[in-house]
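Enquirer: Next up is a structure, given as structure tokens.
The values are calculated or read from the model by the stated rules, or taken from the named source; none is laboratory data. These numbers come from a predicted model, not from an experiment. Cβ atoms come from the backbone with ideal geometry, glycine included; neighbour counts cover every protein chain shown.
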Amino acid sequence: MAFTAKDVQALREKTGVGMMDCKKALVETDGDIDKAIDVLREKGLASAAKKASRVAAEGVVAAYNDANAGALVEINCETDFVAKGAPFVELAAKVVKTVAIAKPADVEALLATKAVDSDKTVDEEVQEVFLALRENMKVRRFALIEGHTVSYIHAGGSVGVLVAFDVDDATAANEEFVAMGKNVAMQIAAMSPEYLGKADISTEELAKMKSITVDSALNKPESLPMPILNSIIEEAINEKKWSDEDTEIYKGLDQKQRKNFPNFISKEAMATLAEIAVSHKAEISENKIFGGLVQGRLAKQIKEVCLLEQAFVRSDLFEGDVNGYVNSVAKSLGADIKIKSFVRYAKGEGIEKKEENFAAEIASMIK
């Protein structure tokens with residue numbers, strides 16, 4: 001069967017594949033466009049397998065919400081150029097909508113699911129885009145939350161957030177609630193909380209946080225309470241653990257200068273103080289003043305890692321923590337509103353990117 005330039009163009013429009021590849025496929029199938037599409041797809045799958053080892057750390061995080069559920073999906077590719085292109089962005093939008101509607105159990109099930117508004121599976125949709133763009137790409141992960149959700153996508157898909165609320169249908173449809181939900185999602189995008197509230201931190205994790213805080217304080221002796229600090233300095237001097245020079249310098253400081261003594265003595269002397277403090281860890285940990293210092297620092301950490309206890313970043317809207325902000329909106333609407341959970345995805349997080357040495361690459365090409 002003969003074919004024309006119009007057939008080549010028609011095949012290109014259907015597949016997005018380059019003109020020369022379309023022409024070769026038509027030659028191979030004697031001008032049968034349907035068979036040519038199959039040929040391109042098969043070759044694309046083979047090519048995709050070859051490229052699967054290439055690092056795909058770019059891409060987008062996409063979100064979708066309806067009245068029944070919300071979803072986040074991260075799809076990766078190799079370059080930012082492809083990630084920003086319409087075919088890839090449209091693919092992400094189709095996949096995340098499929099997650100929300102079909103509710104697959106995992107990524108494998110998602111790939112086998114028929115994509116929304118399509119007669120192809122999600123996996124086939126991904127392969128179609130690969131055929132056109134020729135980059136390793138894959139659906140990495142997704143989150144699905146049923147019920148009332150609000151989402152936020154930052155910087156074209158670099159970060160995505162999905163927040164689930166315990167709220168009635170009428171309130172969930174209110175514009176003020178939706179605005180509040182988006183502000184909370186933006187808070188999560190900006191501040192990266194690890195937990196919803198203190199109650200979500202396990203006893204083991206709290207103990208670990210406390211242990212790290214104790215060790216951190218001991219290794220920074222200048223921040224210790226004065227009675228403890230004076231005691232370890234006295235030991236350093238009396239037991240000649242400091243050099244004679246550091247001892248003389250310290251003894252020559254007046255009361256005001258001693259408040260900033262690390263600026264005057266050597267780094268070695270400071271390291272010695274830390275060693276002394278660590279050697280007395282059990283004893284110092286029993287000190288009530290030190291215990292208060294540790295609890296204060298721990299409370300500050302909890303405020304940083306727990307969403308509800310974080311200072312609300314939009315201080316132009318509300319002065320206080322996130323929990324207070326949500327409660328203020330609930331009071332304004334005369335409703336009960338609670339944050340149930342949240343998910344935050346950052347594009348490419350945890351993927352080890354290959355370090356490119358372009359100078360070496362170019363040099364090897366011109367040898």
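Enquirer: For the range 34-144, please list each of the helices (runs of 4 or more DSSP H) lying entirely inside it that holds at least 1 residues being modelled with pLDDT under 90. Walk me through how you get there before you give the answer.
Expert: Numbers: elements: 80-84, 86-102, 107-112, 122-133.
Once the helices (runs of 4 or more DSSP H) in the range 34-144 are filtered for at least 1 residues that are modelled with pLDDT under 90, what remains is 122-133.
Enquirer: Out of 275, 309, I need the residue that is farther than 30 Å from residue 199 by Cβ and at pLDDT 95 or above. Which one?
Expert: The conditions single out 275.
Enquirer: Determine which member of the set 342, 318 is aromatic (Phe, Trp, Tyr) and part of a strand (DSSP E or B). Lay out the reasoning, then the answer.
Expert: On the way: 318 fails: part of a strand (DSSP E or B).
Just one listed residue meets the conditions, 342.
Enquirer: Please report, ordered by residue number, the helices (runs of 4 or more DSSP H) entirely within the range 193-298 with at least 2 residues that are buried (at least 17 other Cβ atoms within 10 Å of the Cβ) and in contact with a helix residue (DSSP H, G or I) (Cβ under 8 Å, 6 or more places away or on another chain).
Expert: Fully inside the range 193-298 and qualifying: 203-218, 226-238, 244-251, 267-279.
Enquirer: Only one of these is among the β-branched types (Val, Ile, Thr), in contact (Cβ under 8 Å) with a residue 24 or more places away in the chain and under 15 Å from residue 345 (Cα atoms): 126, 150. Name it.
Expert: Sole residue among the options that is among the β-branched types (Val, Ile, Thr), in contact (Cβ under 8 Å) with a residue 24 or more places away in the chain and under 15 Å from residue 345 (Cα atoms): 150.
Enquirer: Where the second residue is in a helix (DSSP H, G or I) and the first is not assigned by TED's automatic domain parsing to the domain that holds residue 276 and lies in the range 241-263, which pairs have Cβ atoms under 9 Å and are six or more apart or on separate chains?
Expert: Going by the 9 Å Cβ cut-off, there are no qualifying pairs.
Enquirer: Here is a follow-up. Name the residue, out of 177, 165, that is over 14 Å from the mean Cα position of the chain (by Cα), assigned to a helix (DSSP H, G or I) and aromatic (Phe, Trp, Tyr).
Expert: Values: 165 fails: assigned to a helix (DSSP H, G or I).
Only one candidate passes the filter, namely 177.
Enquirer: Does residue 261 satisfy the criteria of being touching a Phe, Trp or Tyr at 6+ places or on another chain (Cβ under 9 Å) and either among the basic types (Lys, Arg) or over 29 Å from residue 344 (Cβ atoms) (or both)?
Expert: yes
Enquirer: Does at least one position in the range 54-73 carry a residue that is within 30 Å of residue 19 (Cα to Cα) and aromatic (Phe, Trp, Tyr)?
Expert: Checked against the condition, which is being within 30 Å of residue 19 (Cα to Cα) and aromatic (Phe, Trp, Tyr), the range 54-73 yields no hits at all.
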